[in-house]
Each structure stands twice: as structure tokens, then as C-alpha cells.
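Below is one structure, written out as C-alpha cells; comments come after it.
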Amino acid sequence: MAPIDRRQQVIHAAAQSFAMFGYKATTMDQVAKIANVGKGTIYTFFTNKEQLFDQILVEVIQEMKNIAHREVHQESAFFDNLFRVLDALLEFRRDHDLLVKLSQELKDFGTLQAKEGLDKVEKVISDFLAKELEKAKDNGEIRDCDPQVVAFMMIRLYIALTSDWSKQHQPLSKEEIKTYFRLFLMEGIAAVT
């Protein structure tokens, strides 16, 4: 019988607690109860709730990086990869229980840790896009531009079209979103041939 990895057991329980209750309402007592360990066991691995939360975010961010790398196909054009990566990452963000709860908590209570956690997640997406933009620029697929600025604008535009728009209108299909993305960005930054 394999030994029980108490640290992973605590991390898994904390991820459940943060996803169910949010950052603000999660306590070390709840995590201990879900993990079926004593509270002291948690403190052998993590000094406080913030450190435990950061560890969970590290794992979520690593999962996002894996998704992004999986969606990039070297033989594909930049914009084809871009749509695949954005679709996958934003679906992950939309469907991941912890990220959904943090978004709700930020909206409802303005919890600083929820904001900081979501900012870290968005930075991962932005940094990944900026690197891909830099490669596309070097390959002559897009015009000379600041990759950080364009990555920021791409994320904001994508969120606006996928999420913000549907708060007051009929949601756009993925194809409609791609059409508007092309209209607003591709024609503006695509290399002139």
C-alpha cells in the first residue's frame, strides 16, 4: 500500500474549500476537516492560509501553461494558434470552480486576495500571448508592435466579446467572435503582403 501524501491531501482539500467558499470564507479548520487531518498537519507544510492559497494558484497556473502549450501547433499560422489558445484558456478559466468562485468573490466583496489571484492568472495568459506575438513578429506574420500592449488588448477584447457582451445581449458564437477579432485586430496588425 502506497504511503499517503499528506501535503497533497492538504492541497487538494484546500482547493476544494477555496472553490466552495472563496478565499475570504475559507479557514484552516475547514481545510483540516476536508483533508481529514489535524490543523497542525497543515502547518507542517504551510505557514498560513495565504501560502496555501498561493500554492493552489501555482498549480492552476501550471495547468493553464500546459493547456496553452498543448494548443500551439508549430505548423499552424499565428492567428489559428491564437484562437485555439484563447478558447482553451478562457474556457478553462470560465469552468474552473476556483476561478469562478474568485471572480464571484471579487465582484461581491472586492477581496484583495481574490483580485490578486485572478491578476496572476491573467498575467500568465498575457505573458504567453506576448511571447507568441514576439515570435509572430519575428516571423513576419504581424507588424512591428509592442507584444505586451497587444496581448493586453487581445485578452480584453476576447473577454469583452465572450463574457461582457452576453450580459446585455444574445451571446456570440465562437465564429462570430473570431469574425470580430479579425475585424478589430487581424486587419490592424496582420503583415502587409
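The values are calculated or read from the model by the stated rules, or taken from the named source; none is laboratory data. What you see is a predicted model, and the numbers here were worked out from it, not measured in a lab. In this analysis, Cβ positions are derived from the backbone assuming ideal geometry, glycine residues included, and neighbour counts consider all displayed protein chains. Accessible surface is based on the protein model in full, side chains and every heavy atom, while ligands, DNA and RNA are left aside. Shrake-Rupley method; radii C 1.70, N 1.55, O 1.52, S 1.80 Å.
Comparing TYR158, ALA32, CYS145 along the charge dipole axis of the chain, the residue lying farthest to the positive side is ALA32, per the Cβ-charge model.
For the ranges 98-107, 167-176, what's the packing order if you count other beta-carbon atoms within 10 Å of each residue, average per peptide, and put the highest first?
The densest-packed peptide leads the list: 98-107, 167-176.
With N as its number of residues, the chain has a Cα radius of gyration that, divided by 2.2 N^0.38 Å, comes to 1.21. Relative to the longest principal axis of the Cα atoms of the chain, the long axis of helix 147-159 lies at roughly 80 degrees. The residues of the range 75-193 present an accessible area of 57 Å² per residue when probed at 1.4 Å with all protein chains retained.
With everything on Cα atoms, drop me the angle between helix 97-109 and the longest principal axis of the chain, reported from 0 to 90° to the nearest 10. Approximately 90 degrees, to the nearest 10.
What's the extension gain from ASP80 to LYS123 if we count 0.36 nm per residue and subtract their Cα-Cα distance? Value of the extension gain: 13.3 nm. For VAL72, the shell of other residues with beta-carbons less than 9 Å away shows a net charge of 0, using +1 for Lys and Arg and -1 for Asp and Glu.
Could you work out [θ]222 nm for the chain from helices alone, using -39500 (n - 2.57) per DSSP H run of at least four and dividing by all its residues? Round to the nearest 500 deg cm²/dmol.
Only helices count here, giving -23500 deg cm²/dmol.
In units of the compact-protein estimate 2.2 N^0.38 Å, the range 64-133 shows a Cα radius of gyration of 1.23. When the charge dipole of the range 45-193 is built from unit charges on Cβ atoms (+1 for Lys and Arg, -1 for Asp and Glu) and taken about the Cα centre, the candidate among PHE53, GLY117, TYR180 whose Cα reaches farthest toward its positive end is TYR180.
The alpha-carbon of LYS178 sits under 17 angstrom from the alpha-carbons of these aspartates and glutamates, leaving out residues fewer than 8 places away in its chain: GLU71, ASP80, ASP87, GLU91, ASP164, GLU187. Between THR41 and GLU63, the contour length at 0.36 nm per residue exceeds the Cα-Cα span by 5.3 nm. Around the Cα centre of the chain, unit charges on the Cβ atoms of Lys, Arg, Asp and Glu (plus for the first two, minus for the last two) sum to a dipole of about 600 debye. Within straight cross-link reach of LYS33, meaning Cα distance under 29 Å, which lysines are found once same-chain residues fewer than 8 apart are removed? Cross-link targets: LYS24, LYS49, LYS101, LYS107, LYS115, LYS120. Just the protein heavy atoms count here, and of the accessible area of the chain at 1.4 Å, carbon and sulfur take up 54 percent. Sequence-distant contacts, meaning Cα pairs under 8 Å at least 6 residues apart, place the relative contact order of the chain at 18 percent.
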